[in-house]
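The values are calculated or read from the model by the stated rules, or taken from the named source; none is laboratory data. From a predicted model like this one, the values you see are computed outputs, not experimental measurements. Cβ sites come from the backbone with ideal geometry, for glycine too, and all protein chains shown count toward neighbours.
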Amino acid sequence: MNLLAIDTSSTNFSLCIVHSDVKENIEFNAGMTHSSVALSEIQKILKKVNITTKDLDVIAFSAGPGSFTGIRIACGVAYGMAYSYKIPLIGISSLETTASMAESDYILSTIDARMDEVYLQFFKRSDDKNIIPLSEPMVAAPDKLPNPPDEIRNRFSVIGSGYEIFKDYFNDRYKSYTLEQQNVKKNMASFMASIALDRLPDKFSFDGIQPIYVRNKVAQTIDERK
């Protein structure tokens, strides 16, 4: 199995190649340079395991939500590589990937959405340790956070950049629950690759493969920034 995972949903640039059950990772803060480093870094990680693009069995990419530009870059690169060699393609939610880093039964995954908002989604971990969504991905102002699903009674973990930035709002909103903060781990693409390995597509197709934007607005107006 040769699987390539690509994540550019934040300022970090993260790649993972799974080759013969061995993972190789590349991750660094690329700032705003994802588009200029993506192809060269992909070739670099493929070279580390002595394969080329045509040897890939699956390509996974972070479908969002997250940086609008970053999501489009990962999507465009993955689409182009997959189409060229008819490689099966799978998009993985960045909220799901973040949730998979938490070691608990119930998880609130959060990502900074900029413009004083946060992307978030509730998940639970099944008996076989898979991550299962309990709500739809959403975007909210920190003072308008949603109620947890009814299944969550008194305790859940919270993880991600959204919580780190708006911690006081989360703690106040969910003060009747026991919150357990968990830290985002390194190598985002490695966690995404693990999810992809559990749901491998069996053929090349673009059907149902699309970015998860959640919010269509990409910037505040001048008046909104005042």
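Each row is one residue, and each column tells you yes or no for (1) touching a His at 6+ places or on another chain (Cβ under 6 Å); (2) in a helix (DSSP H, G or I); (3) farther than 20 Å from Val18 by Cβ; (4) free of Cβ contacts under 8 Å to residues at least 40 places away in the same chain.
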{"position": "Ile51", "(1), (2), (3), (4)": "no, no, no, no"}
{"position": "Ser62", "(1), (2), (3), (4)": "no, no, no, no"}
{"position": "Gly70", "(1), (2), (3), (4)": "yes, yes, yes, no"}
{"position": "Ala78", "(1), (2), (3), (4)": "no, yes, no, no"}
{"position": "Ala82", "(1), (2), (3), (4)": "no, yes, no, no"}
{"position": "Gly91", "(1), (2), (3), (4)": "no, no, no, no"}
(message) I'm checking my understanding of the structure. Among residues of segment 167-206 that are touching a residue at least 24 places away in the same chain (Cβ under 8 Å) and of a type in the set (Asp, Glu), which one is farthest from Cys16 (Cα to Cα)?
(response) Glu180
(request) Please work out if His19 is of a type outside the set (Val, Ile, Thr), surrounded by 17 or more Cβ atoms within 10 Å (Cβ to Cβ) and within 16 Å of Ile87 (Cα to Cα). (result) yes
(message) Among the residues that make up segment 85-102, is at least one of them surrounded by 15 or more Cβ atoms within 10 Å (Cβ to Cβ), assigned by TED's automatic domain parsing to the domain that holds Phe191 and over 18 Å from the mean Cα position of the chain (by Cα)?
(response) yes
(message) Here is a list: Thr8, Thr52. Which entry is of a type in the set (Ser, Thr, Tyr), surrounded by fewer than 20 Cβ atoms within 10 Å (Cβ to Cβ) and in the same structural domain as Met192 (by TED's automatic domain parsing)?
(response) Thr52
(message) Quick test of your reading of the structure: Glu151 fulfils all but one of (1) surrounded by fewer than 17 Cβ atoms within 10 Å (Cβ to Cβ); (2) closer than 16 Å to Ser94 by Cα; (3) modelled with pLDDT of 95 or more. Name the failing condition by number.
(response) (2)
